[in-house]
Amino acid sequence: MFFVPFCLIGALLSGCASLQSGSNEAKAAVVTPAPDAGFIANPGRQAARGDLPFQKVWIKPGFDARRYKELVVAPVNTQYMQEMDWLHQLSSANLLGSVQKDIEELALYFHDQVVMEFKEDPNHRFRIIERPGQNRQPALRLELALIEINPSQPALHAAGWLTLGGGTAAAAVNQRRAAFEGRLRDLQTGEVVATFADRDMQDVGPLDLTRLTWYGPAKGIMDQWAKQFVQIANRKPGEMVTDPIAFKIRPF
């Protein structure tokens with residue numbers, strides 16, 4: 001269960017505009033960053049930035065995103081998802097296989113959402129290309145890895161496989177969190193020019209019977225990330241991209 005500071009609850013219930021403008025800080029109060037999974041080299045050089053919605057960011061000094069006009073979105077890596085503690089405490093091989101299949105489908109969903117958001121961007125900031133060699137102008141490659149999706153307790157009960165033990169696995173249940181790590185690579189030189197990572201959550205409430213899949217609101221979180229990639233790509237110098245309020249208060 002998450003502890004929400006009293007002042008934050010008051011601001012939420014009052015619809016305070018200052019909370020909206022500082023929603024990155026509101027998220028930081030209740031969502032801790034995921035541990036570094038290993039997808040990003042040199043994660044220690046990343047830091048939080050008040051103008052960006054992701055919890056950890058590094059941008060190569062002198063990197064000029066404006067010169068890039070095309071983008072490849074690589075298939076989403078799921079290697080680190082397979083290392084989640086709770087995944088290995090499932091009670092049968094059939095369940096494990098089913099969840100692993102879901103993970104692959106979620107990775108494809110995340111990839112396709114990012115591609116769709118860029119293709120539907122009214123500013124046409126990047127032309128999406130399918131693979132290296134198709135670019136006609138300087139291009140970037142966006143590489144993403146899903147590193148965490150926590151199962152929701154109602155879904156596990158409904159599916160009849162809430163067989164997790166204590167410790168880390170039990171603590172993960174009902175967290176309703178998802179996390180990713182990402183990097184931007186210059187397509188021509190192969191150099192990594194930016195890295196970023198984020199963990200987010202939705203629906204911190206007593207129960208949500210409308211989402212009886214084990215991955216709960218993960219797709220909604222991915223939708224949000226995909227939109228944020230486009231917002232960041234389009235932002236003007238000095239412009240802030242804020243995170244939506246990271247949770248909901250549900251009294252009953």
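The values are calculated or read from the model by the stated rules, or taken from the named source; none is laboratory data. Quantities reported herein were computed from a predicted structural model and do not represent experimental measurements. Cβ sites come from the backbone with ideal geometry, for glycine too, and all protein chains shown count toward neighbours. These area figures cover heavy atoms from the full protein model, side chains too; ligands, DNA and RNA do not enter into them. Shrake-Rupley method; radii C 1.70, N 1.55, O 1.52, S 1.80 Å.
Just checking, does region 18-26 include any residue being modelled with pLDDT of 95 or more and of a type in the set (A, V, I, L, M)? No, region 18-26 contains no residue that is modelled with pLDDT of 95 or more and of a type in the set (A, V, I, L, M). The residues of region 218-249 that are modelled with pLDDT under 90 and either touching a Lys or Arg at 6+ places or on another chain (Cβ under 6 Å) or on the phi > 0 side of the Ramachandran plot (or both), listed by number, are 238, 243, 246. Which residues, counting only those in region 48-64, are open to solvent by 50 Å² or more (accessible area, probe 1.4 Å) and within 26 Å of residue 83 (Cβ to Cβ)? The one that is open to solvent by 50 Å² or more (accessible area, probe 1.4 Å) and within 26 Å of residue 83 (Cβ to Cβ): 48. Considering (1) open to solvent by 40 Å² or more (accessible area, probe 1.4 Å); (2) touching a Pro at 6+ places or on another chain (Cβ under 9 Å); (3) at pLDDT 95 or above, the lone condition that residue 45 does not fulfil carries the number (2). For region 70-79, the condition holds for no residue, the condition being that it is free of Cβ contacts under 8 Å to residues at least 60 places away in the same chain, open to solvent by less than 40 Å² (accessible area, probe 1.4 Å) and within 16 Å of the chain's Cα centre (by Cα). The set of residues in region 162-217 being modelled with pLDDT of 95 or more and among the acidic types (Asp, Glu) consists of 181, 186, 191, 198. Checking the stated criteria, residue 113 turns out not to satisfy the condition of being closer than 28 Å to residue 35 by Cβ and part of a loop (DSSP other than H, G, I, E, B).
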